[in-house]
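Novice: Could you have a look at this structure, given as structure tokens, before my questions?
The values are calculated or read from the model by the stated rules, or taken from the named source; none is laboratory data. This structure is a prediction, so every number in the text was calculated from the model and none was measured. Here the Cβ is made from the backbone with ideal geometry for all residues, glycine too, and neighbour counts use every protein chain on show.
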Amino acid sequence: MLSENKVKVILDHRERKIQDALKNVFEKVELAQLKVGDIVLLFPGYAVLVERKSVTDFIGSIRSNRLWEQLLKIMKTKKVFGRKIKRKILLVHGSILDNLLVLEENYNSRLWASLSGALMEINYVYDIPVFLIEDDSAVSTFLRILSKRELNGSNDSFPKPRWFRKKRKNLPEKEKRVYFL
């Protein structure tokens, strides 16, 4: 469990259904009426703002253009609870494919194109990374990992050498194939 004196979670009052799952990870989760976002993680000296959407709501808000108004509001928000916002995240939960299967077949390709364009717009224009998770139960796991990475500085560091493999020279063909795997 992450210590309350390191991370404080403030959850929008409309997101009550994930409160218990978050309490299993964080010592204290407070409910509040948030003007922007659904979840705020307060760290020493800064905050992380998370907007949470189901796939159905995500697709619906793209169609109605409501998403762009929400993202613009998030983008313009610089402080929350007196702390500078260091990161802004859009967390989409649910299966996109399951939602597409409900629609007509010829509409699927247009919807995929819309979704691809929307995801690019969110990442590149609004500068808000989008993370896709399977369901509500994954929210607490995602936030736990995010919090640990924030606390140990992993989200701000240069990639560690362990991610890079040195090129091996002069290996026999069979060993090259094994090394590649």
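Novice: Kindly indicate whether any position in the range 44-57 is at pLDDT 95 or above, under 17 Å from the mean Cα position of the chain (by Cα) and farther than 19 Å from Glu15 by Cβ.
Specialist: no
Novice: Looking at (1) exposed (fewer than 15 other Cβ atoms within 10 Å of the Cβ); (2) touching a helix residue (DSSP H, G or I) at 6+ places or on another chain (Cβ under 9 Å); (3) modelled with pLDDT of 95 or more, can you tell me which one Lys84 breaks?
Specialist: (2)
Novice: Pick out the one residue from Asp20, Asp12 that is crowded, with 18+ Cβ neighbours inside 10 Å, out of contact with any Pro (no Cβ under 7 Å at 6 or more places or on another chain) and either under 19 Å from Glu121 (Cβ atoms) or among the acidic types (Asp, Glu) (or both).
Specialist: Asp12
Novice: Here is a follow-up. When residues of the range 27-60 are filtered for being surrounded by fewer than 18 Cβ atoms within 10 Å (Cβ to Cβ) and not in a strand (DSSP E or B), how many remain?
Specialist: 10
Novice: Since Arg168 meets every condition but one in (1) at pLDDT 70 or above; (2) surrounded by 10 or more Cβ atoms within 10 Å (Cβ to Cβ); (3) not aromatic (Phe, Trp, Tyr), which condition does it not meet?
Specialist: Looking at each condition in turn, Arg168 falls short on (1).
Novice: Go through (1) among the aliphatic types (A, V, I, L, M); (2) under 19 Å from Phe142 (Cβ atoms); (3) in contact (Cβ under 8 Å) with a residue 24 or more places away in the chain one by one and return the number of the condition Val29 breaks.
Specialist: Of the numbered conditions (1) among the aliphatic types (A, V, I, L, M); (2) under 19 Å from Phe142 (Cβ atoms); (3) in contact (Cβ under 8 Å) with a residue 24 or more places away in the chain, the odd one out for Val29 is (3).
Novice: Now for a separate question. What are the pairs, 6+ residues apart or on separate chains, where a residue within the range 107-132 that is within 20 Å of Lys86 (Cα to Cα) has its Cβ under 9 Å from a residue that is polar (S, T, N, Q)?
Specialist: Pro129/Asn123; Val130/Asn123
Novice: Additional query: List the number of the failed condition for Ile74; all other conditions in (1) buried (at least 17 other Cβ atoms within 10 Å of the Cβ); (2) in a strand (DSSP E or B) hold.
Specialist: Result: Ile74 passes all but (2).
Novice: A further question follows. For the range 13-41, name all the residues that are within 16 Å of the chain's Cα centre (by Cα) and under 18 Å from Arg83 (Cα atoms).
Specialist: Across the range 13-41, the qualifying residues are Val36, Gly37, Asp38, Ile39, Val40, Leu41.
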